[in-house]
Amino acid sequence: SMFARATYDFKSKYLFTANIRRDGSSRFAKNNKWGNFPSVSAGWRISNENFMKNVSWVNDLKLRGGWGTSGSLSNINPTNAYSLYSSAAGMSYYPITGAANSSTLGFYNSQLGNPNTTWEKDIITNIGLDGTILKNKLDFSLEWYKKSISGLLFPSVSAIGNYQGGASQPFVNIGDVKNTGIDFSLTY
């Protein structure tokens, strides 16, 4: 993994952060090994503005928002990109010579590979308002969020024909999920 971050703070009023994360994994084929995952966030500390100086019951008030991505391997097999072959009793002995009591050890396809599998990608967006009021006695936080996951990694569910023997299915990017909600907290 490699990381880079830039932050900016102007008079404790305007806050900005940008990140980039680059992850690599040998669990993916060469063309999908690397994933880039950026994020940005910004904040405005409203309570530090001049127009808030005479509002004595507000101690701290900040509006914030962010957007970012991250990646996941979802515990896929390290050999997922490759088709594998094995030998096993009952699976790969063949009567090559035609004699009834003679068998030769061979190979069978034990795993189907998928070189196109890539990172699961999470995209998270949030907007929030945080505050402390009434002489620092009451804290509140209100946040709207949305989380989308694309390319969920699961073993393939496609039917395999008899010609493929007992080969296990590879992981594939096969689904998307979206969660949205509002969080609120109040502390006295």
When region 87-115 is checked residue by residue, the ones that are open to solvent by 40 Å² or more (accessible area, probe 1.4 Å) and modelled with pLDDT of 90 or more are Pro115
When region 160-174 is checked residue by residue, the ones that are at pLDDT 85 or above and open to solvent by 50 Å² or more (accessible area, probe 1.4 Å) are Asn173, Ile174
When region 116-136 is checked residue by residue, the ones that are surrounded by fewer than 16 Cβ atoms within 10 Å (Cβ to Cβ) and either at pLDDT below 95 or not in a strand (DSSP E or B) (or both) are Asn116, Leu134, Lys135, Asn136
If we ask which residues in region 3-57 are at pLDDT 95 or above and either among the β-branched types (Val, Ile, Thr) or at positive phi (or both), their number turns out to be 5
*Could you check, for region 178-188, whether at least one of its residues is free of Cβ contacts under 8 Å to residues at least 24 places away in the same chain, part of a loop (DSSP other than H, G, I, E, B) and surrounded by fewer than 14 Cβ atoms within 10 Å (Cβ to Cβ)?*
no
A careful count of residues in region 101-115 that are among the hydrophobic types (A, V, I, L, M, F, W, C) and either outside any strand (DSSP E or B) or touching a residue at least 60 places away in the same chain (Cβ under 8 Å) (or both) gives 2
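Across region 137-159, which residue is most open to solvent (accessible area, probe 1.4 Å) among those that are of a type in the set (Gly, Ala, Ser) and in a strand (DSSP E or B)?
Only one residue fits best here, namely Ser150.
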The residue that is nearest to Asn48 (Cα to Cα), considering only those in region 6-21 that are loosely packed, with under 13 Cβ neighbours inside 10 Å and of a type in the set (A, V, I, L, M, F, W, C), is Phe10
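The values are calculated or read from the model by the stated rules, or taken from the named source; none is laboratory data. The structure displayed is predicted, hence computed values, not measured ones. We place every Cβ from the backbone using ideal geometry, glycine too, and count neighbours over all the protein chains shown. Only protein heavy atoms, including side chains, enter the accessible area calculation; ligands, DNA and RNA are left aside. Shrake-Rupley method; radii C 1.70, N 1.55, O 1.52, S 1.80 Å.
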